[in-house]
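Below you'll find the structure, written out as structure tokens, and then a few comments.
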């Protein structure tokens, strides 16, 4: 007979959840810092032909800050094993996959999303979503699939 080993935990949470929360906090902090940095970056008004590019950079900067703040807030929910943390993280990741996919396909999306970042963001989001959709993780957060 084979005995089933208990799952590896950290702080009473699955190790995967602990790693995910740490990654999401890091990603959130990086996005908030760089988003505010891009908003504070000096603009050179004498280059008038770049005026539309400024709007694109500003929209992407705000998007980056909002994404970072949401990542941080929902990380807290994941750590506290709250349903809203799981739902919020999943929704944000699905949005990232859609927005980056549209950008890579040259379709209308959030202005300013760099194409080179899309590949990594989509890959990360799909991996995290596949983890969050596992039955034992959904059960931990009280999520039932119909």
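FYI, it's all coordinate maths here, none of it is from the lab. Here the structure is a predicted model, which means the values were calculated and not measured. Counting neighbours? That spans all protein chains shown, and the Cβs are built from the backbone with ideal geometry, glycine included.
Data overview
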{"item": "Simple label model, 7 Å out from Cα along Cβ direction - residue 34 to residue 130, nm", "result": "2.4"}
{"item": "Taking the chain and dividing mean pair separation by its residue count, relative contact order in percent (alpha carbons under 8 Å, at least six apart)", "result": "21"}
{"item": "Whole-Å distance, taken between Cα centres, linking the stretch 1-23 and the stretch 93-141", "result": "24"}
{"item": "Cα-based helix-to-principal-axis angle, 83-104 vs the chain, degrees rounded to 10", "result": "40"}
{"item": "Per principal axis, descending, Cα span of the chain in whole Å", "result": "75, 29, 25"}
